[in-house]
Amino acid sequence: MTLRHPSGIDEAVVAKVVSRRGRLHAFESLNPALTALVVIDLMRASVENDEACRKIVSPINRMAAALRGRGGTVAWVTAAPMPLESPVLAAIHGPERLRHFQDGARPDDPRSRLWHELTPQPGDIHAMKQGYSAFFPGRCDLHAQLQRRGLDTLLIAGTVTNICCESSARDAVELGYRVVMVSDANTGHAHGLHEASLTTIYRCFGDVRPTAEVLELIAATA
């Protein structure tokens, strides 16, 4: 029997993964009290001119409310200014593009604030990352904040799937977290990049589920 992945991952990849571990999903349940929804880079600078980003706001708000209702945590991660003096980043992006990133992430710039349709609440975690990953040592204090709450499972959402979201997911796995990429609550730069990142995470780093399944897992816990 062919197993179909609810997030549309290629059937050949799914078959290989299932033959290796004997089930469709790496993590068949979650404990909401030990889980954080980690929302990456949904600042005004990212969302205001990107229709795809605006479409993931609603599923993120639904998951956030459901998780809080079961004692879980929501973490909002935004960008801090990148180091302008980095010759590596300047070579990759070009000085003008790097300065654009820098200006849009400054705390005094309105573009650095969370998108206004998101619903942060008291008790949520807020963290700033200086770089692509929210879990790279010395670039963000998110890991320390999550550890103080004893959390072990992460639901990754935000933008961009194939850059900051995937970078954060990979580093989180190295730190020992159970990582689930929420397929319809991430968005990539172009068709194919988003899908490739989800496939990579599913194969080697964690799990991939759509919002509807995540909500079912949260609700299933007594």
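In summary, Val208 fulfils each of the numbered conditions (1) under 23 Å from Arg20 (Cα atoms); (2) modelled with pLDDT under 95 with the single exception of condition (2). Looking across region 146-165, the residues that are closer than 12 Å to Val38 by Cα and in a helix (DSSP H, G or I) come down to Leu146, Cys164, Cys165.
Considering each residue of region 9-28 in turn, at least one proves to be loosely packed, with under 14 Cβ neighbours inside 10 Å, of a type outside the set (Val, Ile, Thr) and under 30 Å from Gln121 (Cα atoms).
Pairs meeting the criteria (first residue in region 163-183 and over 14 Å from Ala26 (Cβ atoms), second residue of a type in the set (D, E, K, R) and outside any strand (DSSP E or B), beta carbons under 6 Å, at least 6 apart or on different chains) are Cys164/Asp41.
Remark: pairs (first residue in region 44-67, within 19 Å of Pro122 (Cα to Cα); second residue small (Gly, Ala, Ser) and in a helix (DSSP H, G or I); Cβ separation under 9 Å; 6+ apart in sequence or on different chains) = Ala66/Ala219.
Of all residues in region 82-116, those that are over 20 Å from His126 (Cβ atoms), modelled with pLDDT of 70 or more and not in a helix (DSSP H, G or I) total 2.
Of the residues that sit in region 138-150 and are among the aliphatic types (A, V, I, L, M) and buried (at least 21 other Cβ atoms within 10 Å of the Cβ), which one is nearest to Leu67 (Cα to Cα)?
The initial filter retains those residues of region 138-150 that are among the aliphatic types (A, V, I, L, M), namely 142, 144, 146.
Filter once more, so that each one left must be buried (at least 21 other Cβ atoms within 10 Å of the Cβ): 142, 146.
Working: Leu142: 18, Leu146: 15 Å.
Among residues in region 138-150 that are among the aliphatic types (A, V, I, L, M) and buried (at least 21 other Cβ atoms within 10 Å of the Cβ), the one nearest to Leu67 (Cα to Cα) is Leu146.
Screening Ser183, Ser197 for residues that are assigned to a helix (DSSP H, G or I), of a type in the set (Ser, Thr, Tyr) and either modelled with pLDDT of 95 or more or crowded, with 24+ Cβ neighbours inside 10 Å (or both) leaves exactly one candidate, Ser197. The residue of region 21-52 that is nearest to Glu216 (Cα to Cα), among those that are part of a helix (DSSP H, G or I) and modelled with pLDDT of 95 or more, is Pro32.
The values are calculated or read from the model by the stated rules, or taken from the named source; none is laboratory data. Keep in mind that this is a model prediction, so the values were computed, not measured. FYI the Cβ positions are ideal-geometry reconstructions off the backbone, even for glycines, and counts take in every protein chain you see.
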